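Read through the structure below, which is laid out as structure tokens, and then see the notes.
Computed from the coordinates by the stated procedures, all read-outs in this text should not be read as laboratory data. For clarity, every value in this text was computed on a predicted model and none was experimentally measured. All Cβ positions, even for glycine, are placed from backbone atoms using ideal geometry, and neighbour counts span all protein chains on display.
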Amino acid sequence: MRSQRILLLGLMGAGKTTVGRAVAATLGWSYVDNDDVLRARTGLDGAALLASRGDAALRAAEVACLRAALAGASPAVVGVAGGVVLDAAGRRLIGSGGFVVWLRAAPAVLAQRVAGDSSRARLGDDPAQALSALAAEREPHYARLADLIVEVARTSADEVAHAVVAAHRSDSEMVSGRPASPDRG
């Protein structure tokens, strides 16, 4: 039985929302964006929540939003907030939440994609440097959690979505709700 959840991981700018919507449309599933859930629950985007309440509050809110996104009974594609992997509970949720896909690109590529977007937490004045630091901290977790890694720098969102759907469909051994192994949690 294939998982009824696809979780998309990656740094900001990797295309989680665009790819997630395309994958959901192809499969006839809903798309849930962790950032949208955060805004709906707190009234703030990630950058504003970080500035007003601090890192611990942002991380706790992101994990709570992921828990809510995974609680629904209907099949869904979930765009996971990039920093959820820094929290042990967040990693456990991801590891047991479904088919996990890491949308990967070099920080310099991602910096070009997100330049000028003030809603992005943690970018500061030097997005390339900030994303390099985030990559060093988060990518080891992404690598351990991912069932599939897709390079997105030179690939269109439609091509990435097609690769995700094809991999999910061929993964007949995947069972929804599998326990997180030590390597995945």
Per residue convex hull volume, Cα atoms of the chain, in Å³: 103
Hz values of 3J(HN,Hα) by residue in region 154-165 - Karplus curve (6.51, -1.76, 1.60), Gly and Pro given as x: 10, 10, 6, 4, 5, 5, 5, 4, 4, 4, 5, 4
Relative contact order (percent, whole number), region 1-106, Cα cutoff 8 Å, 6+ residue spacing: 48
Estimated 222 nm signal from helices in the chain, with DSSP H stretches of n ≥ 4 weighted -39500 (n - 2.57), rounded to 500: -16500 deg cm²/dmol
Long-range amide H partners of E151 with built H, under 5 Å: R104
Packing-based order for 65-74, 159-168, using average beta carbon neighbours within 10 Å, highest first: 159-168, 65-74
5 angstrom amide H check on V32, placed H, neighbours 5+ away: V77, V78, G79
